[in-house]
Amino acid sequence: MQGLVEVTDLHVRYGDYEAVKGVSFSLGKGEILGIVGESGSGKSTIAKTLMGLQKPSSGTIRFQTPDVKPQTSSVKPSLQMIFQDAVGSLNPRMTVRQTLDEVLRVKGREDSKRTTTSGELLELVGLSKAVLDQYPREMSGGQCQRVSVARALACKPEVLVADEPVSALDVSVQARILNLLRDLRRDLGLSILLIAHDLAVVKNVCDRICVMEHGLFVDAGAAEEVFEHPQSDYTKRLLSAVPRI
């Protein structure tokens, strides 16, 4: 598995408060990596730091792309973020068509061969073209989240950073969005960093899981290994909250 993102000894401070206390991890090409922890554990800070929305206090974030030579492997792959508040992340005054076309116009200036349309993007995320002329307020939360995924895909990313993308959705809708992410990984070869506070959310989606508590990883490994052989008391408590069927 070829790594796209390598994070080493990452520390992030907000004034005197250290939100991330020296974590290290990698994200491979075509991999879904889950970072799980309760609110305030530091997981969203990691996501924002990867996206350049927050500066690290120390440590390194190294990006690699499979299409460049090793000596230029610090070239940053295309990263896009999917936000927790899908409705709030969309401009309420723009239709779905306007939202997607705006991104496509910007990308079109960079890529003259680009032929993707807003309708094709909706098809990728399982939405009908009938929603193209709707506003966010006219759609459900699940539909808005799919539009936000389509907007991210418009940039042809190599890495999707999904920060709690299903926490505001009903359980049945959560499953559909998670299945969508898994299908996009399969069909487009995307690497996905999935942030969640619930282990049940990532159980059947992620290849590997890092469990985070108070700014540190207290468990990390293959998803099956973390579920079957948790190493920390914190992970065991999180697992005890997962419904058993």
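Holding the Cα-Cα limit at 30 Å, pick out from Lys43/Lys156; Lys29/Lys203; Lys55/Lys129; Lys21/Lys107; Lys55/Lys236; Lys129/Lys156 the pairs that are longer than that.
Lys55/Lys129; Lys21/Lys107; Lys55/Lys236
With bins 10 Å wide starting at 0, give me the P(r) of the stretch 108-245 over every alpha carbon pair, in whole percents.
10, 36, 31, 16, 6, 0
If eta is 0.890 mPa s and T is 25 °C, what Stokes-Einstein diffusion coefficient results for the stretch 120-191, Kirkwood Rh from Cα pairs, in µm²/s?
195 µm²/s
Suppose all protein chains stay in the model; what accessible area per residue would a 1.4 Å probe give for the chain, in Å²?
Result: 50 Å² per residue.
Relative to the longest principal Cα axis of the chain, at what angle does helix 96-110 sit, 0 to 90 degrees, rounded to 10?
Orientation of helix 96-110: about 80 degrees from the principal axis.
May I ask you to give the percent of accessible area on the stretch 135-245 that is carbon plus sulfur, with a probe radius of 1.4 Å?
47 percent
Mind pulling the angle between the C-alpha long axis of helix 141-153 and the longest principal axis of the chain? Nearest 10 degrees, somewhere in 0 to 90.
It is inclined by approximately 90 degrees.
Pick out, from Pro92, Val5, Gln54, the residue whose Cα sits farthest towards the positive end of the charge dipole of the chain, with +1 on the Cβ of Lys and Arg and -1 on the Cβ of Asp and Glu.
Pro92
Would you mind working out the magnitude of the charge dipole of the chain relative to its Cα centre, with +1 at each Lys and Arg C-beta and -1 at each Asp and Glu C-beta, to the nearest 20 Debye?
The calculation lands at about 680 debye.
Work out the P(r) tail for the chain: percent of alpha carbon pairs separated by more than 24 Å, whole number.
In whole percent, the long-distance tail amounts to 47.
For the chain, find the longest principal axis of its Cα atoms and tell me its angle to the long axis of helix 171-188, 0 to 90°, nearest 10.
The angle comes out near 80 degrees.
The values are calculated or read from the model by the stated rules, or taken from the named source; none is laboratory data. All figures in this text were calculated on a predicted structure; none of them were measured in a lab. Backbone-built Cβ (ideal geometry, glycine too); neighbour counts: all protein chains shown. Calculation scope for accessible area: heavy atoms of the full protein, side chains included, ligands and nucleic acids excluded. Shrake-Rupley method; radii C 1.70, N 1.55, O 1.52, S 1.80 Å.
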